[in-house]
1. Can you tell me which residues in the stretch 276-315 are closer than 25 Å to HIS611 by Cβ and either among the small types (Gly, Ala, Ser) or over 26 Å from the mean Cα position of the chain (by Cα) (or both)?
2. Can you tell me which residues in the stretch 444-461 are open to solvent by 30 Å² or more (accessible area, probe 1.4 Å), outside any strand (DSSP E or B) and touching a residue at least 24 places away in the same chain (Cβ under 8 Å)?
3. Give the stretch 41-64 a look and list any residue that's in contact with a Ser or Thr (Cβ under 8 Å, 6 or more places away or on another chain), polar (S, T, N, Q) and part of a loop (DSSP other than H, G, I, E, B), or say none.
4. So which of ARG73, ARG67 ends up being in a strand (DSSP E or B), in contact with a Leu (Cβ under 7 Å, 6 or more places away or on another chain) and among the basic types (Lys, Arg)?
5. If only one of ASP446, ASP474, ASP450, ASP432 is of a type in the set (D, E, K, R) and either at pLDDT below 95 or more than 19 Å from VAL389 (Cβ to Cβ) (or both), which one is it?
6. Tell me, yes or no, whether the stretch 175-183 has at least one residue that is of a type in the set (Lys, Arg) and either surrounded by 16 or more Cβ atoms within 10 Å (Cβ to Cβ) or closer than 27 Å to VAL577 by Cβ (or both).
7. Got a sec? Which of ALA512, ALA519 is open to solvent by less than 30 Å² (accessible area, probe 1.4 Å), under 28 Å from THR644 (Cβ atoms) and not charged (D, E, K, R)?
8. Could you please find all residues in the stretch 467-481 being in a helix (DSSP H, G or I) and either touching a His at 6+ places or on another chain (Cβ under 6 Å) or open to solvent by 30 Å² or more (accessible area, probe 1.4 Å) (or both)?
Amino acid sequence: MKTILKTIVCAFCLAALTAEVQAANVSYKLNLKQPGNAAVVYNLTREGNQLTADQPLPIVITQKETREGDLRRLTVTLTAQQRVYFNLGMVLPTDFATDDCDFYLPGFWYHKNLRSPESAPSFHTSKSWNVREDRLSAPLTGVYDGKSGRSVVVMRQLDGSADALTTHQEGEVILGGRTSLGYLGFEQSNKVPKSQSNNVATQTFAELTFGYPWIETPKRYTRKLTLTPSATTFARLDAGESITLSWLVSEGQASDYGKFVKTTWQMAVDQLRPQPLTPLYTPSQVKAQLANYFHQAYVDQYDLKYHSGISLRCDDCLPTDHVQLGFCGRVLLNAFNALEYGEQTGEERLVEMGRAIFDSWLAYGFTQKGYFKDEMRIAQGIPADADVVHSIRQQSEAVYAVFHYLNYEKQHGRKHPQWEQKVRTLLNNMLDLQKSDGHFPRKYRDDHSDVDASGGSTPSATSTLVMGYRYFGDKRYLQAAKLSVDYLEKNIIAPSDYFSSTLDANCEDKEAAISAVTATYYLAMVSKKAQERSHYIALCQQAAYFALSWYYLWDVPFAQGQMLGDLGFKSRGWSNVSVENNHVDVFVFELAHIVKWLATETGEQRFSLMHDLIASSLCQLLPTDERLCGIAIPGFNPEVVQHTNWDYGRNGKGFYNDLFAPGWAIASLWELYSPNRTVQFLQQRR
């Protein structure tokens, strides 16, 4: 008898158990499908250690529940008596009223996802969602009851890794091979717990859902802002074959949602225990490859010079006329990187192009008001001031790069008074732009009229203001930075509401949390009073748990023929982007250095592990002559890495979108492998 044994162990240990949820309350549903027929659903009941239906089944199912300290392990074994195609689903009820609850599926779902639109997964569309596990940075589902402070978490740890290509993307689908992917999620029930009276019969209560193989309901999120019909997949078991699945259920108590996420993330790290990879390249080898981007992407035919960093094709990497100063292009940061690296290596051409870019933006890159021109199709000409919409993030990122440039030049005896004046003018403008509560509008025009008054991008400005204080010694900038963190603490960190920091989405996102980490770190680094410094460190740590919750703690599986799997890509250490953009990327910039510093300051050694994991993992897809990783030119690091059943427009899981923005990806990796740059800037004597 051939036996396939897959043991999936889900482990969690959250402190302060309360009102214990009995794993025995789990309900089971078995879907059996004959090819060509609609599936038949069987509700299962317990008879001793067996799960049975109201009629004989061609499959024997046993279950057991064991106690492991504060944990309850739920194990299910299925043995086929003849060939079957099955899907097993489970529901764990709670007595938490849905209206009081927030949910957590790491890297995919925070609170109720109400920052996201109806065309992305959110409570706007449905109060029940089930998703395949590879969408999640840790394979777990959790619910937090804000009224009582109680929580329940179910987590899965995979033993073995496999995935199967599917012939259809909706409806009932028989898998064409073995998969290790199940599903996790949450649903709502109108049932009233026994402890409640009948006067709450109209309430809905939260349930956690899990099972194998994967389903996605009520919709699938398959493309940016695109929901499609649901899918249920079926795994095959031949006669005599068995599969064993086990989950571990845990309950906890937390004073707020943020602390619930913190303890859940800590336990996920402890149970999954992700280990750093053996890096494919050293930092110097990474930079040597990335430098080819500087050579190949340089555009000097217009008044504004730049490295082409956005709207390129993966199959040719030819420069385009799309210029985005900040996030996607990081024009000035890449110019500085090229200049600095060129001087270090003696590559004069890199030095010349770096200086040419800075000189051109000094001459042509500012509005009359004194802001940078953020974005353009430069073949159509540099836009008039009235046509420019500014992003506080892009402006801040540009000033960040200029400060590093000025600091570097000063160290080498070269001064740039015109640049210093431009930067002071822009910083002074920011003081006028800042609202009375400390926040900055996400987007605005030259006359300071708001285009998007949301404060979600505020922390982008904080670090820039701190740098302005450090470089010029102007305490107005420090006071403005502190005021911005007052806003950040009250409106973003305390409610754990990290949103609206990315440029092409306005939803819950990783970059908002990273910006909050960076902002509070900068203030901690320049604070002289011990109590004030400790306060900023605490805020930094609190935001870091959310930022790191987007980073994968496990390796998602790929099917044969999916390029990423064939390349041996490991997802641990990479991060999901946002609720709207469900792919992984190399966005890290200074985060890895900051969490390593936090590990020393706070004793949270999981942060040190995450630094090592990220630093060892993010160079995996670096294109080289010998290993191009699906990119036409060495050094043009990929951006949209599609690790789950989702695409940005083309190609799907295991591949990249056909268009990409390598500019920011190169800048992010360069920062990762330049660990002392910011510390030296903030700590040097003036």
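The values are calculated or read from the model by the stated rules, or taken from the named source; none is laboratory data. From a predicted model like this one, the values you see are computed outputs, not experimental measurements. Glycine also receives a Cβ, built like all others from the backbone with ideal geometry; neighbour counts cover every protein chain displayed. These accessible areas exclude ligands, DNA and RNA; they are computed on the full protein's heavy atoms, side chains included. Shrake-Rupley method; radii C 1.70, N 1.55, O 1.52, S 1.80 Å.
1. SER284, GLN285, ALA288, ALA291, listed by residue number.
2. ARG445, ASP447
3. Within the stretch 41-64, ASN49 is the sole residue that qualifies.
4. Values: ARG67 fails: in contact with a Leu (Cβ under 7 Å, 6 or more places away or on another chain).
Residue meeting the stated conditions: ARG73.
5. Working: ASP446 fails: either at pLDDT below 95 or more than 19 Å from VAL389 (Cβ to Cβ) (or both); ASP450 fails: either at pLDDT below 95 or more than 19 Å from VAL389 (Cβ to Cβ) (or both); ASP432 fails: either at pLDDT below 95 or more than 19 Å from VAL389 (Cβ to Cβ) (or both).
Matching residue, one of ASP446, ASP474, ASP450, ASP432: ASP474.
6. Kept after step one, since they are of a type in the set (Lys, Arg), are these residues of the stretch 175-183: 178.
Within this subset, residues satisfying the condition of being either surrounded by 16 or more Cβ atoms within 10 Å (Cβ to Cβ) or closer than 27 Å to VAL577 by Cβ (or both) are 178.
Checked the stretch 175-183: at least one residue is of a type in the set (Lys, Arg) and either surrounded by 16 or more Cβ atoms within 10 Å (Cβ to Cβ) or closer than 27 Å to VAL577 by Cβ (or both).
7. Working: ALA519 fails: under 28 Å from THR644 (Cβ atoms).
From the options ALA512, ALA519, the qualifying one is ALA512.
8. To start, the set of residues in the stretch 467-481 that are in a helix (DSSP H, G or I) comprises 467-472, 475-481.
Hits for the stretch 467-481 are TYR469, ARG470, PHE472, LYS475, ARG476, GLN479.
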